[in-house]
1. Identify, please: which residue in segment 96-117 is in contact (Cβ under 8 Å) with a residue 60 or more places away in the chain and either basic (Lys, Arg) or surrounded by fewer than 18 Cβ atoms within 10 Å (Cβ to Cβ) (or both) and is, among those, nearest to ASP134 (Cα to Cα)?
2. Exactly one condition in (1) under 23 Å from the mean Cα position of the chain (by Cα); (2) outside the structural domain of MET105 (by TED's automatic domain parsing); (3) surrounded by 21 or more Cβ atoms within 10 Å (Cβ to Cβ) is not met by TRP237; state its number.
3. If I ask for residues that are among the β-branched types (Val, Ile, Thr) and over 15 Å from LEU224 (Cβ atoms), which ones from segment 297-332 would you list?
4. Give segment 39-93 a look and list any residue that's part of a helix (DSSP H, G or I) and surrounded by fewer than 22 Cβ atoms within 10 Å (Cβ to Cβ), or say none.
5. With the requirement that a residue be buried (at least 16 other Cβ atoms within 10 Å of the Cβ) and in a loop (DSSP other than H, G, I, E, B), what does segment 187-212 give you?
6. Please list, ordered by first then second residue, the pairs with beta carbon atoms under 8 Å, 6 or more apart or interchain, first in segment 201-212 and without any contact (Cβ under 8 Å) to a residue 40 or more places away in the chain, second not in a loop (DSSP other than H, G, I, E, B).
7. Confirm whether GLY244 is at pLDDT 95 or above and at positive phi.
8. Enumerate the pairs (first residue in segment 265-291 and farther than 21 Å from ARG63 by Cβ; second residue anywhere and at pLDDT below 95 and surrounded by fewer than 17 Cβ atoms within 10 Å (Cβ to Cβ)) with beta-carbon separation below 6 Å, excluding pairs fewer than 6 apart on the same chain, so at least 6 apart or on different chains.
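The values are calculated or read from the model by the stated rules, or taken from the named source; none is laboratory data. Computed from a predicted model, the values in this text were never measured in an experiment. Here the Cβ positions follow ideal geometry from the backbone for every residue, glycine too, while neighbour counts run over all protein chains shown.
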Amino acid sequence: MRVMVDGFEHRPGEHCASTALSNILAFHDLPLSEAMVFGLAGGLGFFLIRDEALSPTRMFHGRTLTLETDLCAYAGLPALGGAEADDERAWSSLKAQLDAGVPVMLSTDTFYLGYQNTKSHFPGHRAVAVGYDDSSGEVFIADRKLSEYQSVSREELRRARNADDYPVSCENEYQYFATGSLALRRPLAQGIRRALAGNAAWMLEPGETGMPGAEKGLAAMRRLADDFATWGDLGDWSWAARFGYQIIIKRGSGGLFFRSLYRDFLSEAAREVPALGEEGLLEGIDAIARGWGDVAEVLKVQSERETCDPRLFDEAGSRVAELADREEKLFRQLAKLAGEDRLWGDGKD
């Protein structure tokens, strides 16, 4: 038996999670642009991982770790899902939703998805399950940058969702919305302000990341700036530099470390919250985005060298330190703006 979700439209986008969520919301008659979804989720972030068991041993990323659930908290959307330790129960749950005609966002490691054609692990990549075929054992996936549905075997998908041979597992995480139409439970302007407050808190305030070994926010960004001085001593310095360049420019980051995507959100959100178009916020985030592009270029040059040039890592560190100062100014402006509506705090009440 072959089952396909009827009426789902896959529109390729910039970032895997915000593309998936935007398309799923449109399926439920709630059209929001990818940029609005990303910003309404308070998605702009930073986290750093230093772990000798991983490859590369140094990684950083430019979004929050809680984007998917935060979208629902800030916008007032009733999401369903979670994590599932047992693979068979995870498959049964997914199959039940597809049978009910509901698309489901899955967390995956691209290493195990054949159509990704990659030799490196990238856990936490979001894609949308849209159907399956019992006779062939295929599952059909809508994935961010690919215009056509992709097919994977059930075993491929099982390992991508919950592999046991890599230190980081996606733990069968999934998210979906019940059948029928959706509507925001609070005015969009209020949701935007809540997201601004929550995003600022995520970056400015210390706290746990929920991921073992990960550091978050501006403190982690400054830690990276200092840590670059030691990267030349790493056995995988070239791969770490290459991965860093890719994270900023290529791996579903919207081209400039999510900062250009957030700029587009602020521009669109200014129609609902006019203050966002004032105080140089758009110019500030645009300069930050371009600054991350400069960091990427330094790391790319380093990764293509046969021998490490420590001065390049020093330059990357200096640029990141400057960007941390710029981002602190930006997030303090956003926190102040959100506070005008007495919504400062965690933004989720």
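1. Applying the filter and picking the extreme gives ASP99.
2. (1)
3. VAL301, THR307
4. THR69, CYS72, ALA73, ASP87, GLU88, ARG89, ALA90, TRP91, SER92, SER93
5. THR209
6. Listed by first residue and then by second, the contacts come to GLU205/GLY217; PRO206/GLY217; PRO206/ALA219; GLY207/LYS216; GLY207/GLY217.
7. For GLY244, the condition - at pLDDT 95 or above and at positive phi - is not met.
8. ALA270/GLY277
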